[in-house]
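Here the structure is laid out as structure tokens; the discussion comes afterwards.
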Amino acid sequence: MAAAGGHVDEVVRVVGERLLPSGFEVYPLKIGWYNAVLPPSFHLPYHEDTLAVVVLSAPAMFEKLFIPFLQRHRREAARDPVDQCVSDTISSCVSQSFPKQEVDVMYDYEMHPNRKPKFLAQTAAHVAGAAYYYQQCDVPNQPWGSKKMFGVCIHPRWGGWFAIRALLVFRGVESGAELQQAPPVDSVGSRQQRVELLESFNLHWQDWAYRDIIRSEDSYSPRQREYFSTPPGQRATLLQRWG
Ligand code: B12
């Protein structure tokens with residue numbers, strides 16, 4: 001079904017209305033933008049004009065959504081409570097706001113049986129204009145020889161203090177010229193800063209210095225830092241302590 005521009009805008013508006021108050025951000029994209037930068041093995045099998053929305057969590061998600069979620073689900077043991085909280089929120093947004101629309105939801109942590117991620121979160125964030133994906137190839141005359149350096153997205157407002165959570169694909173909703181691709185903000189402009197960013201993300205990501213590569217408007221609260229710096233196996237004990 002080719003949708004009128006109004007329908008595309010309406011979908012994006014409704015997703016935003018549901019998710020923004022919980023500390024998420026949403027960015028529309030066309031599947032064709034994503035597939036255009038990837039080899040066929042990573043393509044998503046939809047028409048190139050199909051509407052998708054990439055969902056990020058800003059620093060405020062933890063206090064706005066996750067802490068209240070923990071209070072509601074105090075005695076239930078969730079596999080990963082943050083993932084559970086995000087997937088509950090997104091799936092109820094989809095089922096309540098789009099009951100008649102087929103929406104395929106892919107989460108950042110979901111893998112195919114061959115261990116390939118269901119979607120490449122950083123590529124989706126970049127092509128949607130949400131956060132610039134700095135890769136090894138973005139550093140001229142790169143100094144690492146044949147060593148593989150993983151890339152990292154930097155958001156113009158949150159620096160590295162955010163996560164890419166999900167991709168929602170609105171099957172059959174096709175967008176025409178009304179959805180125009182906007183490049184992401186390039187806030188780590190110099191070669192030296194990009195070298196520092198990739199080294200920080202690859203060689204000592206545990207100290208989180210990569211997240212502060214630019215000055216951010218907000219970052220994780222002390223409680224959120226404590227949570228994410230606790231190994232996953234010990235987080236349940238921490239949550240009990242928070243009561
Ligand atoms: Co991790 N991880 N990870 N991770 N990880 C993710 C990358 C993600 C996005 C998760 C999230 O936000 N929810 C974040 C990064 C956020 C950000 O960028 N700001 C993340 C994080 C934060 C971490 C950690 C810091 C731990 C943590 O706090 N969670 C550490 C960092 C350690 C490190 O990298 N040194 C961490 C560790 C790992 C391990 C376990 C090591 C693995 C392997 C890392 C890796 O491959 N990057 C890991 C994985 C597997 C992932 C995961 C699930 C998939 C990444 C992947 O396999 N990519 C993602 C979530 C997701 O995407 N679903 C999180 C496949 C490779 C082949 O993709 O390198 O981008 P690629 O290559 C493609 C692009 O180059 C593209 O084509 C290539 C494919 O052919 N391409 C493009 C080609 N040309 C062009 C041109 C343009 C313009 C574009 C846009 C793309």
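Is the shape of the range 69-128 best called rounded, prolate or oblate, per the rule: a/c under 1.5 gives rounded, else a/b larger than b/c gives prolate, else oblate, with a ≥ b ≥ c the square roots of the Cα gyration tensor eigenvalues? Here the range 69-128 falls in the oblate category. Note that the range 83-171, at 10 °C in a medium of 1.306 mPa s, gets a Stokes-Einstein diffusion coefficient of 105 µm²/s from its Kirkwood radius over C-alpha pairs.
Roughly how many percent of the accessible protein surface of the range 9-109 is carbon and sulfur, given a 1.4 Å probe and a whole-percent answer?
On the way: 2510 of 4840 Å².
With neighbouring chains kept in place, the figure for the range 9-109 is 52 percent.
The phi torsions of the range 17-22, fed into the Karplus equation with coefficients 6.51, -1.76 and 1.60 and a -60° offset, translate into couplings of 4, 6, 9, 4, x, 8 Hz, rounded to whole numbers, with Gly and Pro shown as x.
DSSP loop (so not H, G, I, E, B), at most 15 other Cβ within 10 Å: list which trypsin sites (Lys or Arg not before Pro) in the range 175-243 pass both filters. Intermediate values should be presented prior to the final figure.
On the way: sites: R191, R194, R211, R215, R223, R225, R235, R241; in loops: R215.
Taking the range 175-243 and a limit of 15 other Cβ atoms within 10 Å, the loop trypsin sites (Lys or Arg not before Pro) found are R215.
The shape of the chain comes out oblate: with a ≥ b ≥ c from the C-alpha gyration tensor, a/c is at least 1.5 while a/b does not beat b/c. Simple spin-label estimate for V37 and L20 gives 2.4 nm between the two label positions (7 Å along the Cα-to-Cβ direction from each Cα).
What accessible area per residue, rounded to a whole number of Å², is obtained for the range 34-79 using a probe radius of 1.4 Å?
Details: 2510 Å² over 46 residues.
Roughly 55 Å² per residue, with all protein chains present.
Taking square-rooted eigenvalues a ≥ b ≥ c of the alpha carbon gyration tensor, is the range 168-243 rounded, prolate or oblate, where a/c under 1.5 means rounded and, failing that, a/b exceeding b/c means prolate? Oblate is the answer for the range 168-243, as a/c is 1.5 or above yet b/c matches or exceeds a/b.
Close amide H contacts of R165 (hydrogens built in the peptide plane, cut-off under 5 Å, sequence separation of 5 or more or a different chain): V55, L56, S57.
With 21 Å as the cut-off, how large is the P(r) tail for the range 23-162, expressed as percent of Cα-Cα pairs? Percentage above 21 Å: 53. Sequentially through the range 177-189, phi angles give Karplus couplings (6.51, -1.76, 1.60; θ = phi - 60°) of 5, 5, 9, 10, 6, 10, x, x, 6, 8, 9, 10, x Hz, Gly and Pro residues having no value and appearing as x.
Taking the Cα centre of the range 189-243 as reference, the dipole from Cβ charges on Lys and Arg (+1) and Asp and Glu (-1) amounts to some 140 debye.
If the chain linking D80 and D9 were pulled fully straight, counting 0.36 nm for each residue of separation and taking away their Cα-Cα distance, it would gain 22.2 nm. Largest GNM mean-square fluctuation among Y134, Y109, Y210, using the chain with Cα springs under 10 Å: Y109.
Order 195-204, 162-171, 26-35 from most to least packed using the mean count of other Cβ atoms within 10 Å.
Numbers: 195-204: 17.5, 162-171: 23.2, 26-35: 21.4.
Per-residue Cβ counts within 10 Å, averaged per peptide and sorted highest first, yield 162-171, 26-35, 195-204.
Amide H to amide H distances under 5 Å link C153 with Y134, where only residues 5 or more positions off or on other chains count and H is placed in the peptide plane. In order along the range 95-105, phi translates into HN-Hα couplings of 6, 7, 8, 10, x, 9, 9, 7, 10, 8, 10 Hz, rounded to whole numbers, per the Karplus curve 6.51 cos²θ - 1.76 cosθ + 1.60 with θ = phi - 60° and x for Gly and Pro.
The values are calculated or read from the model by the stated rules, or taken from the named source; none is laboratory data. Owing to the predicted nature of the structure, the values given are computational and were not obtained by experimental measurement. Here the Cβ is made from the backbone with ideal geometry for all residues, glycine too, and neighbour counts use every protein chain on show. SASA here: full protein model, heavy atoms, side chains in, ligands and nucleic acids out. Shrake-Rupley method; radii C 1.70, N 1.55, O 1.52, S 1.80 Å.
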